[in-house]
Every structure is written in C-alpha cells, then in structure tokens.
C-alpha cells in the first residue's frame, strides 16, 4: 500500500521525486550548506538537482555516489570553489575549506607588464594543494562548437588546449624535474554539447561528456572548471567528467601575448591552470604567485604555461 501511495503521489506531482517519510523541508531557490547540512540525505530532502551556493560558487546536487567540485579562476585572486559529496546512501558532506590566505589583486600596471609579484621563485617554492580526485585511466575530452577564447580557430584552440593538458600530464617544468606523472589524456572530437557550467559559473547537472568551451561566467571570473568523481576504496576519487569554460563575455584572451598586451589573458596559461584542476590540483594562495595553481592568472603573463616546483610535487602525490 505504501508503494502504491508513493506512486500515486508521484503521478500527482507530475512525476517529480517525492520526499520520503521524515524528509527535511527545503525552501525554493538556491540552497546553502546551512539549508542542506552535512549529514542530511539528498533522498530524504529530495535535493538531487537543486543548486547549492557557497562564498560565490555553486554546484548542482548530484546523484548518490557522486562528488562535484567547482573551481573558479577569478580576476582578484579570491577563492571561489568548494566540493559537495553525496555518498551512495545519499548522505551529504562538504569541503568548504580554501587553500589558505586569499591572494591580493595585482595592480593593473603590474599585471599588464606580465611580471606578477612573486614571494619565491617558481623552482624554489614547493607549495601545493590537491583535491580528492585523480584520473585513473585516460581523460577523454571534447571541444565545444561555439566561440573559443582569443577568437582561435577550432584547430588552434585544440592545439592550445592539448598543449596545456600535456603540460600537466607530462609534468613540464623549467626546474629540472623529469616526467614522473602517469596521467593521460586524449582529444575525441568537437561537439554540440556545452560545458555543464552556467552564466554564474555554477556547475549544472553533468551530461557525461568532458567539454572545453567558452561563454559567459560573470565579470569576476576568468575561467571555471567543474569536476565530477566517484569514490574509490583506499584512494582519491576517480574522475568521471571535468568541464572547462573560458569567460569570453567579460575578458579578452590571446595565444600570443605581445609587449603591448594589456588586460588580456594568455589562453595557454589559463588552460594549464584549469587542466591542473581536471587532474586533481587545487589552488595555492598568496605568497605562491609563481605556481601555475596560484589563485589568479596574471594578465599578459605566460609564466603559468610551465609548472613550478609545487605544481610538480602536487602531481607526484597523485600520480
């Protein structure tokens, strides 16, 4: 009888999921971790598909057994990102911690000159942070069929992104470290699917395809990566999908910065940073500006095209 009642209620509700007995009551609109606290159940709360926001970032609650992370690269170096995990039984947990001290925004003249302030040289700084996921097999990705950063042709964009991803998978650096990273990636094709990221740089529901594209993310965000993974016993989560979007609505990009460059971001530097998130690297904060995974990608600088000591050490802890 209970099953029949549930079915009847679902039909009356247009087929939408019906909260189980004792479910929590969620308000309409975007939720916060306070509305859907750690330890609650996305099944009891009928929360799958709802948006949860925190400190300027947002993710759509995934199905049980899935973790979703958002990492936004911002203009001012502030840290917009967090992780929401849903266990197989529907229990919610969060990682709301950032990497430490927020970066201060460089002044325009400093950034435009391509000489970000550096507390330590790239090869002398071992600072790194990792997320709780990695690529266990091969990261297979697609290129969106819309506009691309820097007005690049599809072929040029593919080469720029492949080069950036290759910097991560090969651990390319100018510090003398050999390639000890076992990660792999493969480009598949262009696609009409879009990155599962909305205009507010929030992660939407995933579609199972890892797409790199460009669009609108809101003025303060340069690029965003959304990653979905599943738990692995005894190790970091296994990446299932990671989408990357560049914000071409509010920011200019180039693949060839010149001496006259101003307020324009280097495609490959930004792409290398985002690829770091795909493969499990997290942000490092103020005092570590020389690392590719620093919270801000400096305008007109190509320094992040190669990895610093900390970036390499972070990858080596995962691969």
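The values are calculated or read from the model by the stated rules, or taken from the named source; none is laboratory data. Just so we're clear, the structure is a prediction, and the values are computed from it rather than from any experiment. Ideal geometry is used to build each Cβ from the backbone, glycine not excepted, and the neighbour counts take in all protein chains shown.
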Across segment 282-311, what is the number of residues that are in contact with a strand residue (DSSP E or B) (Cβ under 8 Å, 6 or more places away or on another chain), surrounded by fewer than 24 Cβ atoms within 10 Å (Cβ to Cβ) and part of a helix (DSSP H, G or I)? 2
Within segment 242-249, is even one residue at pLDDT 95 or above, surrounded by fewer than 24 Cβ atoms within 10 Å (Cβ to Cβ) and assigned to a loop (DSSP other than H, G, I, E, B)? yes
Restricting attention to segment 130-145, does a residue exist that is at pLDDT 95 or above, more than 26 Å from residue 81 (Cα to Cα) and out of contact with any helix residue (DSSP H, G or I) (no Cβ under 7 Å at 6 or more places or on another chain)? yes
Could you say whether any residue in segment 255-276 is touching a residue at least 40 places away in the same chain (Cβ under 8 Å) and within 24 Å of residue 65 (Cβ to Cβ)? no
Leading residue by the ranking (modelled with the highest pLDDT) among those in segment 257-281 that are touching a strand residue (DSSP E or B) at 6+ places or on another chain (Cβ under 6 Å) and assigned to a loop (DSSP other than H, G, I, E, B): 280
Residue 70 fails exactly one of the following numbered conditions: (1) loosely packed, with under 15 Cβ neighbours inside 10 Å; (2) modelled with pLDDT of 95 or more; (3) farther than 14 Å from residue 91 by Cβ. What is the number of that condition? (1)
Pull up segment 153-195, narrow it to residues that are without any contact (Cβ under 8 Å) to a residue 12 or more places away in the chain and not in a loop (DSSP other than H, G, I, E, B), then point me to the one that is surrounded by the most Cβ atoms within 10 Å (Cβ to Cβ). 159
Quick one: count up the residues across segment 208-219 that are at pLDDT below 95 and either more than 20 Å from residue 150 (Cβ to Cβ) or outside any loop (DSSP other than H, G, I, E, B) (or both). 0
Exactly one of (1) surrounded by 20 or more Cβ atoms within 10 Å (Cβ to Cβ); (2) touching a residue at least 60 places away in the same chain (Cβ under 8 Å); (3) within 16 Å of residue 271 (Cβ to Cβ) is unmet by residue 147. Its number? (1)
Single residue of 81, 39, 29, 49 found to be assigned to a strand (DSSP E or B) and modelled with pLDDT of 85 or more: 81
Can you name every residue in segment 88-115 that is in contact with a strand residue (DSSP E or B) (Cβ under 8 Å, 6 or more places away or on another chain), surrounded by 18 or more Cβ atoms within 10 Å (Cβ to Cβ) and modelled with pLDDT under 95? 98, 99, 103
